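Enquirer: Right, I'll just put the structure down here and ask away after.
The values are calculated or read from the model by the stated rules, or taken from the named source; none is laboratory data. Quick caveat, the model's predicted, so the values are computed rather than measured. Heads up, the Cβs are rebuilt from the backbone with ideal geometry, glycines too, and the neighbour counts pull from every protein chain shown. The area values use the complete protein model at the heavy-atom level, side chains included, leaving out ligands, DNA and RNA. Shrake-Rupley method; radii C 1.70, N 1.55, O 1.52, S 1.80 Å.
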Amino acid sequence: MLGVEDARREIAAGEATAVDVRSDEDWQEGHVPGAIHLPDGDPEKATKPLEEGARLLVIAKDDKLAAKAASSLAEKGYDAAPVDGGMSDWVSESYPIQPTADPDEDTELGLN
């Protein structure tokens with residue numbers, strides 16, 4: 001498991017792609033900027049194709065679901081790792097999400 005701070009750094013540096021396996025409703029409420037929505041962890045349902053060989057950081061409702069989805073993606077040949085704490089930890093760290101409450105707010109991840 002990768003902590004949200006390390007996950008944010010990897011995503012912001014372009015070293016990894018966030019993959020969100022939560023429900024459509026949860027996804028629409030807010031997700032990591034630039035994340036790919038992968039309902040039920042199924043690559044066939046992805047909002048955009050997964051890059052072969054890309055590092056995927058899996059965000060789910062809880063750690064167990066993230067680990068299960070990451071394991072499933074790894075079995076399909078992806079370099080996938082679960083993110084510890086999921087979206088709730090991401091939000092509690094005040095990291096940016098999309099959509100934001102303010103449509104004019106910048107949603108870049110930044111490296112500060």
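Enquirer: Between Ser92 and Glu52, what is the label-point separation in nm under the 7 Å Cα-to-beta-carbon projection?
Expert: The answer from the label model is 4.0 nm.
Enquirer: Looking at the chain, send over the antiparallel percent of its DSSP beta bridges, to the nearest 5.
Expert: Values: 1 of 12 bridges.
Here the share of antiparallel DSSP bridges comes out near 10 percent.
Enquirer: Could you pull out the longest piece of the chain with no exposed loop GluC sites (Glu not before Pro) in it, calling a site exposed if DSSP puts it outside H, G, I, E, B and it has at most 15 other Cβ atoms within 10 Å? Before the final figure, lay out the partial values.
Expert: On the way: sites that count: Glu15, Glu51, Glu52, Glu93, Glu105, Glu108.
Between exposed loop sites, the widest span is 53-92.
Enquirer: Evaluate the relative contact order of the chain (contact order divided by residue number), counting alpha-carbon pairs under 8 angstrom at least 6 apart; express in whole percent. Let's see the in-between values first.
Expert: Numbers: 198 pairs, mean separation 34.8, N = 112.
Relative contact order, the chain: 31 percent.
Enquirer: Compute the signed sum of charges (Lys and Arg +1, Asp and Glu -1) over the other residues within less than 13 Å, Cβ to Cβ, of Gly77. Walk me through the intermediate numbers first.
Expert: Details: positive: Arg55, Lys76; negative: Glu51, Glu52, Glu75, Asp79.
Net of charged neighbours comes to -2.
Enquirer: Still on this structure, I have one more. Give the long-range amide H neighbours of Ile36: residues separated by 5 or more places, or on another chain, with amide H under 5 Å away, using H modelled in the peptide plane at 1.01 Å from N.
Expert: Sorted by chain and number, the residues that satisfy this are Ala18, Val19, Asp20.
Enquirer: So, for the chain, what is the accessible surface per residue at a probe of 1.4 Å, expressed in square angstrom?
Expert: On the way: 6330 Å² over 112 residues.
Ligands and nucleic acids excluded, the result is 56 Å² per residue.
Enquirer: Here's a follow-up. Given H placed on each backbone N at 1.01 Å, which residues far from Leu56 in sequence or on other chains put an amide H within less than 5 Å of it?
Expert: Sorted by chain and number, the residues that satisfy this are Thr17, Asp79, Ala80, Ala81.
Enquirer: I'd like to know which of Gly30, Ser94, Ala66 lies farthest towards the positive end of the charge dipole of the chain, counting +1 on Cβ of Lys and Arg and -1 on Cβ of Asp and Glu.
Expert: About the Cα centre, the residue reaching furthest to the positive side is Ala66.
Enquirer: How far, in degrees from 0 to 90, does helix 63-75 lean away from the longest principal axis of the Cα atoms of the chain, to the nearest 10?
Expert: Once rounded, the angle reads 50 degrees.
Enquirer: Go from 0 up to the bin containing the longest alpha carbon distance in the chain, width 10 Å each, and give me the % of pairs per bin.
Expert: Once binned at 10 Å, the Cα pair distances of the chain give 16, 52, 29, 3.
Enquirer: Additional query: So what does Val91 come to for accessible area, using a 1.4 Å probe and Å² rounded to 10?
Expert: Roll a 1.4 Å probe over it and Val91 shows about 80 Å².
Enquirer: If you don't mind, another one. Given the protein chains as shown and a 1.4 Å probe, how many square angstrom of Ile59 are accessible, to the nearest 10?
Expert: 0
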